[in-house]
1. Which of the residues spanning the range 43-58 are in a helix (DSSP H, G or I) and either surrounded by 10 or more Cβ atoms within 10 Å (Cβ to Cβ) or in contact with a His (Cβ under 9 Å, 6 or more places away or on another chain) (or both)?
2. Only residues that are in a helix (DSSP H, G or I), surrounded by 10 or more Cβ atoms within 10 Å (Cβ to Cβ) and β-branched (Val, Ile, Thr): list them for the range 1-16, please.
Amino acid sequence: MVSPAVPTYLAVPLLAVISKLVFVGIKRLVVWIKDQLTKLKYGAEIFTLYTVDEIELILKNGHKMKKIKDDETRIFKKQQRDKRIRLIKENWETKIEEKKEN
């Protein structure tokens, strides 16, 4: 089953990695397809329940909310990054001081 060009000790892990990648790819594809079908279902429901003007209003406000959320997320990430850097510097200085005392 294994060709002489690929030894068995390499073929088994290689086959495991390839099969894992295929499995993960199939899983992602299934999730993506389910999401697309859900979007279609919601789109059909929205078009039956709302008028075009109401849909445009929802979209306009949705874009505003996304921008606000993105700005808040950016600020939060910056604060977390600054906090991590500060903690690293404090711990770094503490470790250096402990080494100097020893």
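Only the coordinates and a few stated rules stand behind these numbers; no lab work does. Quick caveat: nothing in here was measured; it's all calculated off a predicted structure. Glycine also receives a Cβ, built like all others from the backbone with ideal geometry; neighbour counts cover every protein chain displayed.
1. Result: Gly43, Ala44, Glu45, Ile46, Phe47, Glu54, Ile55, Glu56, Leu57, Ile58.
2. Once the filter is applied, which keeps residues that are in a helix (DSSP H, G or I), surrounded by 10 or more Cβ atoms within 10 Å (Cβ to Cβ) and β-branched (Val, Ile, Thr), the range 1-16 yields only Val12.
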